[in-house]
Amino acid sequence: MERVSRRNFLKASAMTGAALMGGSVFIGREQMAHSSQYGEIELPVDKIPIVHEADVVVIGGGPGGFGAAIRAARTGASTILIERFDMPGGVHTSGLQGAWNPGVGGVHTELMERLVKEGHVYTITEKTHPDWAGNPLSHYEAGRKPGSAFSRSTFNPEAGGNVMLAMLREARVKALYNNSFVGVRMKHVSDGDSAIEAVIVQNASGKQAIKGKVFIDGSGTAEVVARAGAPFVRGGGPQPSTVASDGQNRPIPGGLLWIMSGIDFDEVTLYQKSKNDPTLSKLISAALAAGDIPSDLFRPRLSGKCVYGNLYIGHPTLDINPIQGPGTFIFWENVPYEWALHMDDSAEDEARAKAAMREFIDAEARFLKKYVPGFKNAFITNVGRYMGIRDGRHPVGEYVFSMDDALSKRTFPDAAVKPMTKVFHWDCYKPHTFQVPYRCFLPKTVNNLLLTGASMSFTYDTLFMVMRNFPWCMQTGEIAGFAAAQSVAQGIPPKQYKWTTPLF
Ligand SMILES: Cc1cc2nc3c(=O)[nH]c(=O)nc-3n(C[C@H](O)[C@H](O)[C@H](O)COP(=O)(O)OP(=O)(O)OC[C@H]3O[C@@H](n4cnc5c(N)ncnc54)[C@H](O)[C@@H]3O)c2cc1C
């Protein structure tokens, strides 16, 4: 956020009533930093109507924002949720990643149970899919012993969005869909900190302002943090030498998910076995030789271990997982890691990613139908509404949780959760037991903003993959929502709220 001059600030603070003075206060710092070769234009000062006011305003309705809004409302705060798409759920609904997990407590358990009860969960086992465990095409079960017992459940993302929408309504959250958060209006408070007075949204009516006492950043990419001028670091870190020889800082790539129906998987496995082609590499080579697929569609895995070797950064795109019902599978289309795109703050990168991934999806679908037995009658049914970002901005909060905290089993007086045992992909899946302090929810310099979901104050190696998973994001959402409502009830900013007892 560009700082307002003292004169403008006083003028703006003195305003009451139905409009906020606009101008440069609404322009995010990052946007300002992107100067253009074509120069700039100046717009007249805007008057933006204040259309809503609430105790707690949550920006973004993904797992983090959803959990936060429900918990804040249930704790007694009037709560507004701002979401740019037509339903809540983020990566897991609009982004199609309908991975179902057993409940970990709180709202997550309620949601998982309700999805089962309403018939939106599809489960496969070794009985329904005897050739699935150990199959190299399986995103999740590829590493299992062939023929071993397993159970894999997914929920229908569209139906899941409807259930989440209903849960917000039942909790009396005022959810504003098709509203994009585009800026903040700040005010100065004591000790050199600032506070958010209102957020600005863009919707069918134009620009509107929404005032609140406490705000929660559930954008998944710390967008509120960035617009409010609070500190953050870019994603990316030490990369394998084969990738980073040019010295570029590469974020862990994002991905666009898509769904295909009409697949006869028995026919696929018959081909894999009879032609001794478990990875379909013979068919891929034939398609490449015929010029039917781009050379970077199916990228080779990197040779390193863990994250670099077999997951995400180097993972090829022919990974699938059953979803919704028989013959329907979800596919991963990852951005090639070499491209080093920052899709969370560069319009050019975001547009390039979505367009390029759609071209990849088109090429992959045509390849599958033409070359792979079992896909002859298959068709694309969904493409995610947005590219999922795995490694965006990482806010620098009052405490930054690092691998060292996990490895040293550090305990904290303000632990927000009981000790958790989790495996970190970065650490080659070794289990670690650790706590997370409430200070990880508090960005520096803004005293009435809380963090949640993938926008927490964690180093990127701890965030990836464990601390940004769906269940954990919903728990951090509830912690933020609870702290927000308690702060409002006590008439203090979340920075002054004393967290004493773990919530989960
Ligand atoms: C491709 C991919 C695959 C994944 N697979 C798994 C998996 O299998 N299992 C698992 O547990 N986790 C998985 N994850 C991780 C997990 O999905 C995310 O970390 C998690 O969804 C983050 O939750 P969130 O609420 O912070 O953000 P998101 O889920 O990204 O939700 C953010 C929400 O905020 C909204 N929003 C953003 N900006 C604005 C704005 N300006 N105005 C209004 N609304 C806005 C978005 O529309 C979205 O609804 C995956 C992530 C990705 C990207």
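Derivation of every value follows stated rules applied to the coordinates shown; laboratory data play no part. Every value quoted in this text rests on a predicted model; they were computed, and no experiment measured them. In this analysis, Cβ positions are derived from the backbone assuming ideal geometry, glycine residues included, and neighbour counts consider all displayed protein chains.
For the chain, the dipole from Cβ point charges (+1 on Lys and Arg, -1 on Asp and Glu) about the Cα centre works out to 840 debye, to the nearest 20.
Neighbour counts of other Cβ atoms within 10 Å put I330, I293 in the fewest-to-most order I293, I330.
Given the C-alpha centroids of region 371-450 and region 150-184, what is the distance between them in whole angstrom? Here the two parts' Cα centres lie 20 Å apart.
Neighbour counts of C-beta atoms inside 10 Å place K174, K495, K47 in the sequence K47, K174, K495, starting with the fewest. Taking label points 7 Å from Cα along the Cα-to-Cβ direction, N276 and D191 give a separation of 6.9 nm. From least to most packed, judged by other beta carbons within 10 angstrom and beginning with the fewest, E158, E348, E364 follow the order E348, E158, E364. The calculated FRET efficiency for K376 paired with K498, based on their beta-carbon distance and R0 = 41 Å, is about 0.05. Rounded to the nearest Å, what's the spacing between the alpha carbon centres of region 186-208 and region 469-483? Just the number, please. Answer, in whole Å: 23. Only DSSP H runs of four or more residues enter the estimate; each adds -39500 (n - 2.57), and after division by the residues of the chain the mean residue ellipticity at 222 nm equals -8000 deg cm²/dmol. Think of the chain as a dipole: +1 on every Lys or Arg Cβ, -1 on every Asp or Glu Cβ, centred on the Cα centre; then among G61, P443, A166, P443 lies furthest on the positive end. Compute the distance in nm between two label points, each set 7 Å from the Cα along the Cα-to-Cβ direction, one at E113 and one at L43. Spacing of the two 7 Å Cα→Cβ label points: 4.7 nm.
Net charge in the neighbourhood of G64 (other residues with Cβ under 10 Å of its Cβ; Lys, Arg +1, Asp, Glu -1) is -1.
Of all DSSP-defined beta bridges confined to the chain, some 70% are antiparallel rather than parallel.
Once you order the gyration tensor axes a ≥ b ≥ c over the Cα atoms, which shape class does region 36-108 get: rounded for a/c under 1.5, otherwise prolate or oblate by comparing a/b with b/c? Oblate, since a/c reaches 1.5 and b/c is not below a/b.
Amide H contacts under 5 Å for D319: W332, restricted to partners 5 or more places along the chain or on a different chain, H placed in the peptide plane at 1.01 Å from N.
Taken over region 362-504, the convex hull of the Cα atoms encloses 155 Å³ per residue.
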